[in-house]
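The values are calculated or read from the model by the stated rules, or taken from the named source; none is laboratory data. Note that this is a predicted model, so its numbers are computed, not measured. For accessibility, only protein heavy atoms count, side chains too; no ligands or nucleic acids. Shrake-Rupley method; radii C 1.70, N 1.55, O 1.52, S 1.80 Å.
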Amino acid sequence: VQLQASGGGLVQAGGSLRLACAASENINSENNMGWYRQAPGKQRELVAQITSGGSTIIVDSVKGRFTISRDNRKNTLYLQMNSLKPEDTAVYYCRSRDPITAADYWGQGTLVTVSS
């Protein structure tokens, strides 16, 4: 497995979860990384992304509630999700892209379910 995502689960509205995505050693730790999500019946969408230098993009729907971070030494990506809402329910996928070679890796997804 190239990218291993974990941390999903069932949580009540207002709760928190922390997702992690561990990349295998063959994946460049300098890659740009991101979290995407796909809700039932909807297209996959970007949630947040981060460069190797720490520059981030957070989409408006989660801004102020979600924080993306990474540990380059561990080649691991994180998503701290606070104040969760039922509309955050989705399968969350991590992605790693090499800006030089264009190599593109996706994790297997982890399900987040937020109950009202």
Cα-only Debye scattering, the chain: base-10 log of I(q)/I(0) at q = 0.09, 0.11, 0.21 Å⁻¹: -0.21, -0.32, -1.13
Gain upon complete extension [Ser24, Leu10; 0.36 nm per residue less C-alpha separation]: 2.4 nm
Relative contact order (%) - region 53-116, alpha-carbon pairs under 8 angstrom, separation at least six: 25
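Which whole-number percentage describes the relative contact order of the chain, with Cα contacts under 8 Å and a sequence gap of 6 or more?
For the chain, the relative contact order is 36 percent.
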Centre separation in Å (Cα based) which lies between region 36-59 and region 63-81: 11
Most mobile listed residue (Gly14, Gly41, Gly53) in the chain, GNM with C-alpha springs under 10 Å: Gly41
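Within the accessible area of the chain, what % is carbon and sulfur when the probe is 1.4 Å and the other protein chains stay in place?
Working: 2960 of 6190 Å².
Here it works out to 48 percent.
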Mean accessible surface per residue for the chain, computed with a 1.4 Å probe while every protein chain stays in place, in Å²: 53
